[in-house]
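Trainee: Could you have a look at this structure, given as C-alpha cells, before my questions?
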Amino acid sequence: MAMLDIEYVRGQFPAFDEPSLKGQAFFENAGGSYTCRPVIERLTRFYHARKVQPYAPYEASRLGGAEMDEARTRLAGLLGVGEDELSFGPSTTANTYVLARAFAGFMEKGEAIIVTNQDHEANSGPWRRLAEEGFEIREWKMNPETGHLDPDDLDDLLDEKVRLVCFPHCSNVVGEENPVVEITARAHAAGAFVCVDGVSYAPHGFCNVGMMGPDIYLFSAYKTYGPHQGIMVMRRELARQLPNQAHYFNAESLTKKFTPAGPDHAQIAACAGMADYIDALAQHHGIAGDAASRCDGVHQLMRDHEAALLQPLLNGVKGRNAVRLLGPDQAERRAPTVALALSHMKGEAAAEQLAARGIMAGGGDFYAVRALEALGIDPGHGVLRLSFVHYTRRDEIDALLNALDDIL
C-alpha cells in the first residue's frame with residue numbers, strides 16, 4: 001500500500017493556509033480536529049442555497065433533504081451498517097443521555113450495566129445515574145499503574161443480570177486501543193448488549209462497525225474533520241426493542257426514535273463532506289472497492305502514518321524524570337493521544353508554556369476525572385495532553401519535542 005501523501009492531505013484543510021495559524025503546530029486534536037474543505041463547502045452551500053425546511057416539494061427544500069439523506073447513506077456505507085442504523089444528534093454526550101433513558105425504560109429493576117473507570121464521563125455518567133432508579137452499576141476497573149482494561153476482568157463481572165456493557169474504543173487520556181471485537185464477543189456470549197464510545201478513536205480512521213459487532217457505536221463529527229454533530233450507530237435488532245424517545249409518531253423510524261431534539265439540517269448535510277474527504281483520499285492513493293473497503297484502506301494509511309510519528313514522541317517522553325506517560329509506550333498499541341502527568345507542573349501550565357513556543361496543546365482533566373483518579377493523579381493538577389491525527393507532519397513532531405525539552 002502507498003504511503004500517505006501528507007501534502008495532498010494538508011491541501012484538503014483550509015486551516016493550513018490560514019494566516020492566523022501560521023507558525024503553530026496543532027496538538028489538541030483529541031478536543032476537535034480541523035475541518036476538511038468538503039465539509040466547509042457543503043455547509044456554506046447549505047446556508048447559502050438550502051436554508052429552508054427540508055423535504056418539501058420546492059427545489060431548495062428537495063435538495064436540502066437530499067443532501068441530508070446523502071450524508072446518512074454515505075456514512076453508513078463507510079461504517080458498514082444499514083442506513084436505518086445511523087442517527088445524528090447534537091453531541092455524543094446528548095446521544096448517550098437519550099440512550100440511558102431508553103435503557104431505563106427497557107430494563108427490569110435490579111438488572112445490571114457495566115461501565116469502566118477508563119471512560120470520558122460521557123460514556124460513564126449517564127449510565128451511572130441509573131443506579132438512582134434501581135439498576136445495578138458494575139465498574140470494570142483498569143489497572144491503576146498502566147491504565148489497561150483487561151478483558152479477563154470483564155468475565156468476572158458478567159452474569160445473567162447484565163444487560164449492557166459500556167466501554168471506550170480508546171480512552172482520551174490513556175490512549176490504549178481496546179480490543180472491541182473480543183470484548184463484544186465476550187459480552188454477547190453472556191447475553192449482554194454492547195455500547196462503544198468511539199469518540200477518541202474515530203479521528204484516526206472510521207471503523208467497520210458492522211464487522212466489529214457492537215450494538216451501539218458513538219462518535220463526534222467535529223473530531224472527524226466535520227461539523228459539531230454526534231453520530232450514533234445502533235444495530236437494527238436493538239433499536240427495534242428499545243422504547244421510543246422522540247415524538248410518538250416517529251416511533252417506527254429507527255433514525256428518529258432516539259433523537260428527540262430537532263435535527264440541525266445544515267450540519268447533517270455537511271457531514272457528507274467527511275465521506276467526500278475519505279473518497280478523495282482513497283482515489284488519490286489508488287484504493288478501490290466498495291465504500292467500506294475504501295474506508296478500510298484509508299484507515300490503514302492514516303494509522304501507518306500516525307504510528308510512524310507517534311513512536312518518536314513516545315520515545316522522547318518515556319523515562320523522563322518527573323514525567324509519567326499514561327498508557328502504552330508502543331505506537332502500535334495506542335492512538336496518538338499522549339497524556340503526561342508532570343510532577344512539577346500542572347497540565348494547564350505546561351500547555352501555556354508550549355503555546356508560547358508555537359505548540360497548541362491542552363492541559364486539564366479532559367472530563368476523564370474518574371480515569372485520572374484511578375491512576376492516582378489529582379484531576380485538579382491534571383495532565384498535559386498531546387494529540388495529533390494523520391495531517392500532522394514529522395517537522396511538527398520535532399518542533400513539539402524541542403518545545404518539550406525547553407519546558408521539561
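Trainee: Can you tell me which residue within segment 294-322, out of those that are among the charged types (D, E, K, R) and assigned to a loop (DSSP other than H, G, I, E, B), is nearest to TYR391 (Cα to Cα)?
Mentor: Per the stated criteria, the residue is LYS318.
Trainee: Which of (1) crowded, with 18+ Cβ neighbours inside 10 Å; (2) outside any helix (DSSP H, G or I); (3) of a type in the set (Gly, Ala, Ser) is the odd one out, the single condition GLY289 does not satisfy?
Mentor: (1)
Trainee: Please verify whether GLU111 is touching a Lys or Arg at 6+ places or on another chain (Cβ under 6 Å), of a type outside the set (Lys, Arg) and either open to solvent by 10 Å² or more (accessible area, probe 1.4 Å) or touching a residue at least 12 places away in the same chain (Cβ under 8 Å) (or both), treating the condition exactly as stated.
Mentor: Taking the combined requirement at face value, the residue satisfies it.
Trainee: Can you tell me how many residues in segment 1-35 are open to solvent by 40 Å² or more (accessible area, probe 1.4 Å) and not in a helix (DSSP H, G or I)?
Mentor: Residues that pass the stated criteria total 9.
Trainee: How many residues does segment 164-220 contain that are among the charged types (D, E, K, R) and more than 18 Å from THR337 (Cα to Cα)?
Mentor: Going through segment 164-220 one residue at a time, the tally reaches 3.
Trainee: While we're looking at this one, here's another question. Can you tell me which residues in segment 228-266 are part of a helix (DSSP H, G or I), within 19 Å of GLY77 (Cα to Cα) and open to solvent by 30 Å² or more (accessible area, probe 1.4 Å)?
Mentor: Passing the criteria: ARG236, GLU237.
Trainee: Name the strands (runs of 3 or more DSSP E) wholly inside segment 323-369 in which the number of residues that are buried (at least 24 other Cβ atoms within 10 Å of the Cβ) and outside the structural domain of THR93 (by the TED database) is 2 or more.
Mentor: The strands (runs of 3 or more DSSP E) meeting that bar are 337-342.
Trainee: Residue pairs, Cβ under 6 Å, 6 or more apart or interchain, first in segment 307-330 and acidic (Asp, Glu), second at pLDDT 95 or above and open to solvent by less than 60 Å² (accessible area, probe 1.4 Å). List them.
Mentor: Pairs that qualify, where the first residue is acidic (Asp, Glu) and the partner is at pLDDT 95 or above and open to solvent by less than 60 Å² (accessible area, probe 1.4 Å), are ASP329/LEU314.
Trainee: A further question on this structure: Out of segment 178-206, which residues are among the small types (Gly, Ala, Ser) and on the phi < 0 side of the Ramachandran plot?
Mentor: Matches in segment 178-206: ALA185, ALA187, ALA189, ALA190, ALA192, GLY198, SER200, ALA202.
Trainee: Looking at segment 52-68, can you tell me whether even one residue there is surrounded by fewer than 17 Cβ atoms within 10 Å (Cβ to Cβ) and in contact with a Leu (Cβ under 9 Å, 6 or more places away or on another chain)?
Mentor: no
Trainee: Considering only segment 332-342, I want to know if a residue exists there that is under 13 Å from LEU401 (Cβ atoms) and within 22 Å of the chain's Cα centre (by Cα).
Mentor: Yes; the residues of segment 332-342 include at least one that is under 13 Å from LEU401 (Cβ atoms) and within 22 Å of the chain's Cα centre (by Cα).
Trainee: Can you name the condition, by its number, that ARG128 falls short on among (1) within 18 Å of CYS195 (Cα to Cα); (2) at pLDDT 95 or above; (3) under 19 Å from the mean Cα position of the chain (by Cα)?
Mentor: With respect to (1) within 18 Å of CYS195 (Cα to Cα); (2) at pLDDT 95 or above; (3) under 19 Å from the mean Cα position of the chain (by Cα), ARG128 is out only on (3).
Trainee: Additional query: As an exercise: evaluate CYS271 against (1) open to solvent by less than 30 Å² (accessible area, probe 1.4 Å); (2) more than 22 Å from the chain's Cα centre (by Cα) and give the number of the one condition it does not meet.
Mentor: The failed condition is (2).
The values are calculated or read from the model by the stated rules, or taken from the named source; none is laboratory data. Quick caveat, the model's predicted, so the values are computed rather than measured. Positions of Cβ are backbone-derived with ideal geometry, glycine not excepted, and every protein chain shown enters the neighbour counts. Accessible surface areas use protein heavy atoms only, side chains included; no ligands, DNA or RNA. Shrake-Rupley method; radii C 1.70, N 1.55, O 1.52, S 1.80 Å.
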